[in-house]
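Report on one structure; see the data block that follows.
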Protein chains: 2
Amino acid sequence: MHNISELQVIVEEAIKQLRYPSKPDKLYAPISYIMALGGKRIRPVLVLMAAELFDEDLKEPLHAAMAIETFHNFTLIHDDIMDNAPLRRGKITVHEKWGVNNAILSGDVMMVEANKQLSNLDISVLKRALFTFNSTAQGVCQGQQLDMEFENRDDVTLEEYIEMIRLKTAVLIGGALKLGAEVANASVEDAENLYSFGENLGIAFQLQDDILDVYASPEKFGKQIGGDIISNKKTWLMLQAIQEAESEEILTMLQVSEGDEALLKVKTVTEIYNKYKIKELAETQVKIYIDKAMQALDNIKVSDERKVYLRALTQKLMVRDN
Amino acid sequence: MHNISELQVIVEEAIKQLRYPSKPDKLYAPISYIMALGGKRIRPVLVLMAAELFDEDLKEPLHAAMAIETFHNFTLIHDDIMDNAPLRRGKITVHEKWGVNNAILSGDVMMVEANKQLSNLDISVLKRALFTFNSTAQGVCQGQQLDMEFENRDDVTLEEYIEMIRLKTAVLIGGALKLGAEVANASVEDAENLYSFGENLGIAFQLQDDILDVYASPEKFGKQIGGDIISNKKTWLMLQAIQEAESEEILTMLQVSEGDEALLKVKTVTEIYNKYKIKELAETQVKIYIDKAMQALDNIKVSDERKVYLRALTQKLMVRDN
């Protein structure tokens, strides 16, 4: 078994070994570009970590890990087009560098590459893996659609928000773990428990992100505190506050602000959050999902020693500054 | 065995039976919309026709046929975005109706649906089918990329043009046939011969399209004669003519023209084509590819009676008015 850092090295090495066709250059250059931008490689690491619960041979799981990481990066290219984002991990986005049409098509061919990775799997696990992979991909697309629709809606409920982050973020965490279990020939029950662990962890992780956006320590956060408040993003905190607050406070929260006013808005909205103990309410939610995740992890029928790295990763994801 | 019209009915019926998730509605409505726009369903028919050479049970081949048709329609949605096309089969395009972001995402989830169709296949054929499907999808993306790049290049060669139409059009014809053969447990050699038949037929078909654009009978063609000439499209005819013509003739061919001038341009360029016998040269090329296709069909180790519908389809595709 390998710890998180060791698995990150294994994943990074496997990514470097990926080969794409050399032509047309403009179709494949964006793939090499985005795959090299880095990141923590959490999703492929989860594939391998889940597999190692059941079998330490990483040959098959690595195909699945590369499929998941390729798929994830494909969604980043297309999401960045839809969000009109200029930067990704501090670097210029694919559609800004190569144009929108090129970015659409390079994304498309990445989805093909992801499926090609899967087609390397042994036939004994292929059907199950393909089903899980595509169900996961379907969920992620559904989540992105909901996220886009929520931007133009004023009546999003807390339940709808949780459903959106479940699809957009948590399904891929759960799917990566389930896929890893499946390619390592885990039982259906263990694979489902890993999915449930991941899905609940994913929701908790995203809620934690919403909290950090407002309450992180500015020195450690690495980006603008209150970015979600400034951009009027309907996070769990915002939706909960709208439910609790007076109507003039709600107007303040929804108001568009720029420059110095934006900073003032962050301050004012944070005070409203504090008044209604929104942070504490959100933390209660995080705890509920973490407890569910831990219950699912407990239910997996392998020894506790084998679960040590998944527990360590949970800890690392949940106790963080950014 | 079924003839072409019977297979078209079977395909149409299977498409009607396809079910997508009900939510988010805006993600799936474009899929139902484009799949219902019709067309001749050539590609899924080819899957079934190839399969019936070897086995008349269409249960498995229908999954593959739906995967191919879903993939093809996904490429139409994304190609229409890239080409900024307002209409598809006489109806408003998906990106015009639902917006570009929605069209990108609905296309993405169609690729997922296509792979889900494949994951229904029996494990005995799944790995082979998945490999062929994704190699095909890869080729189509490469072809679209080359097509986009050629628009901004003045030095495209005839060989490059053939390579572009091979990837953009012919690989999918060949891939559909190969996939059909594979899910019907054909030998590797027969599957390859079907691929070669389809690839050569696809190139011939596209060259025939280029000829029809200029030389079709106006009453039967159903669209503007000389559309490629007006839009300065670098078809095989145009590229061949540029190779043969005098420099002032080349200027005429590349000149941008609108309204009545455009009609005059069609007339003048057609005269240049006639002067250099471009139509005859193109027809010679068509014949070369058809001969190759027929050779590959001959090489397939099933009785001649079983090949009758593939020959009929070839005839139908090559002797046409539009």
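Computed from the coordinates by the stated procedures, all read-outs in this text should not be read as laboratory data. Quick caveat, the model's predicted, so the values are computed rather than measured. Positions of Cβ are generated from backbone atoms using ideal geometry, with glycine treated the same way; all protein chains shown enter the neighbour counts.
Partners of A:Lys97 within straight-line reach, counting lysines whose Cα lies under 19 Å from its Cα and excluding those fewer than 8 residues away in the same chain: A:Lys23, A:Lys26. Applying both filters, DSSP loop and at most 11 other Cβ atoms within 10 Å, to the GluC sites (Glu not before Pro) of the range A:245-298 gives A:Glu246, A:Glu258. For the range A:23-82, the Stokes-Einstein estimate of translational diffusion at 10 °C and a viscosity of 1.306 mPa s comes to 125 µm²/s, using the Kirkwood hydrodynamic radius over alpha-carbon pairs. Spherically averaged projected area of the convex hull of Cα atoms, the range A:183-230: 4.7 nm². Going from the residue with the fewest nearby Cβ atoms within 10 Å to the one with the most, A:Leu254, B:Leu87, A:Leu207 rank B:Leu87, A:Leu254, A:Leu207. Helix-only arithmetic for chain B: the sum of -39500 (n - 2.57) across DSSP H runs with n ≥ 4, divided by the residue total, places the mean residue ellipticity at 222 nm at -23500 deg cm²/dmol. Result for chain B in a Gaussian network model with C-alpha springs under 10 Å: among B:Ala50, B:Ala216, B:Ala186, the largest mean-square fluctuation is at B:Ala216. Centre-to-centre separation between the Cα atoms of the range B:20-71 and those of the range A:1-48: 33 Å. Sorted from shortest to longest, the distances between the B:Ala85 label points of this copy and the other copies are 3.0 nm, with each point 7 Å from Cα along the line through the beta carbon.
In the range A:1-145, Cα pairs under 8 Å separated by at least six residues give a relative contact order of 25 percent. Across all directions, the shadow cast by the convex hull of the range A:187-322 built on its C-alpha atoms averages 9.2 square nanometres.
Convert 20 °C to kelvin, take the viscosity as 1.002 mPa s, use the Kirkwood radius over C-alpha pairs of the protein assembly as shown as Rh, and evaluate the Stokes-Einstein diffusion coefficient in µm²/s, rounded to a whole number. The estimated diffusion coefficient comes to 80 µm²/s. The chymotrypsin sites (Phe, Trp or Tyr not before Pro) of the range B:31-111 include none that DSSP puts in a loop with a beta carbon having at most 13 other beta carbons within 10 Å.
Percent of C-alpha pairs per 10 Å bin in the range B:120-238, short distances first: 14, 35, 29, 16, 6, 0. Of A:Leu263, A:Leu53, A:Leu239, the residue with the greatest mean-square motion in the GNM of chain A, using alpha carbon springs below 10 Å, is A:Leu263. Can you work out the FRET efficiency for the pair B:Glu12 and B:Met294, with r the C-beta to C-beta distance and R0 = 25 Å, to the nearest 0.05? The value I calculate is 0.30.
Note on A:Thr284 and B:Arg153: their simple-model spin labels are 6.3 nm apart, each label 7 Å out from Cα toward Cβ.
Each 5 Å bin from 0 upward holds the following percent of the Cα-Cα pairs of the range B:258-307: 5, 17, 13, 12, 11, 10, 8, 7, 8, 6, 3, 0. For chain B, the longest principal axis of the C-alpha atoms and the axis of helix B:59-82 are separated by about 40°.
Comparing mean-square fluctuations of B:Leu76, B:Leu194, B:Leu177 from a GNM of chain B with C-alpha springs under 10 Å, the top value falls on B:Leu76. One equal scatterer on each Cα of the range A:1-145, no solvent, Debye formula: the resulting log10 I(q)/I(0) at q = 0.09, 0.15, 0.16, 0.17 Å⁻¹ is -0.27, -0.77, -0.87, -0.97. Label positions at B:Asn232 and A:His2, each projected 7 Å from the Cα along the C-beta direction, are separated by 5.3 nm. Can you give the percent of C-alpha pairs in chain A whose distance is more than 35 Å? For chain A, the share of Cα pairs beyond 35 Å comes to 23 percent. Across the copies of the chain, A:Ser32 has label points (7 Å from Cα along Cα→Cβ) spaced 4.4 nm apart, shortest distance listed first.
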